[in-house]
1. What's the number of the only condition in (1) under 20 Å from Tyr54 (Cα atoms); (2) touching a residue at least 40 places away in the same chain (Cβ under 8 Å); (3) not charged (D, E, K, R) that Val97 fails to meet?
2. Looking at Asn7, is it at pLDDT 60 or above and assigned to a helix (DSSP H, G or I)?
3. So in region 100-145, with the set limited to residues that are without any contact (Cβ under 8 Å) to a residue 12 or more places away in the chain and over 16 Å from the mean Cα position of the chain (by Cα), which one is farthest from Val78 (Cα to Cα)?
4. Read through the list (1) surrounded by fewer than 17 Cβ atoms within 10 Å (Cβ to Cβ); (2) modelled with pLDDT under 95, then give the number of the only condition that Met58 fails.
5. Could you say which residue among Ala139, Ala123 is under 15 Å from Lys57 (Cβ atoms) and not aromatic (Phe, Trp, Tyr)?
6. Any idea which of (1) surrounded by fewer than 12 Cβ atoms within 10 Å (Cβ to Cβ); (2) more than 10 Å from the chain's Cα centre (by Cα) is the one Asn44 doesn't satisfy?
7. Return yes when Lys61 is basic (Lys, Arg) and in contact (Cβ under 8 Å) with a residue 60 or more places away in the chain and no when it is not.
Amino acid sequence: MSVRKLNVAFTSLVCITVMFMASCNSNQPSETMQLFQSTMDIHNEAMAKMEDMYNLKMELKTKIDSIKLSPDSINTSVGDFHDIIDHLEQADEAMMVWMPQFEIKYKDEDNEENQNYYKDQKAKITKINEDIDQAIAQAKSILDN
């Protein structure tokens, strides 16, 4: 085989390898898209708890009614139940406020501004998710007593 043919074969192999590597990298989501997706994953996790929060709120209201009928039946005051209901409602409201302000239009443009936007949104929805978890835990705890 001549040197020229070896050079052509080697160059072809290098070009094929570079194209393969480029196509592999293009399948990787951008940092902006990854931030968007992780934000949406947290949102979806929090949304899955909304029905549980509603059911707990109804249970707490039922418990309040039973306490009012028989005040000696429980050591916890009605005010404690109302505080936890308020916490559940605040967590729910935070989610309802966050959702309409969240913008998905930036997910396809990979730049620092969009990444900062999704980092901020991820921090906000993470806090909301934590508040939901805390409100649910409080409600379950008081209902178990």
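The values are calculated or read from the model by the stated rules, or taken from the named source; none is laboratory data. Remember, it's a predicted structure, so these values are computed and weren't measured experimentally. For neighbour counting, all protein chains shown are included, and Cβ atoms are generated from backbone atoms with ideal geometry for every residue, glycine included.
1. The number of the failed condition is (2).
2. Considered against the rule, which asks whether it is at pLDDT 60 or above and assigned to a helix (DSSP H, G or I), Asn7 comes out as no.
3. Glu112
4. (2)
5. Ala139
6. (2)
7. No.
Results for (1) exposed (fewer than 15 other Cβ atoms within 10 Å of the Cβ); (2) touching a Phe, Trp or Tyr at 6+ places or on another chain (Cβ under 6 Å); (3) assigned to a helix (DSSP H, G or I), shown as yes or no for each residue.
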residue: Lys105; (1), (2), (3): yes, no, no
residue: Glu109; (1), (2), (3): yes, no, no
residue: Asn114; (1), (2), (3): no, yes, yes
residue: Tyr117; (1), (2), (3): no, yes, yes
residue: Asn129; (1), (2), (3): no, no, yes
residue: Ile132; (1), (2), (3): no, no, yes
residue: Ala139; (1), (2), (3): no, no, yes
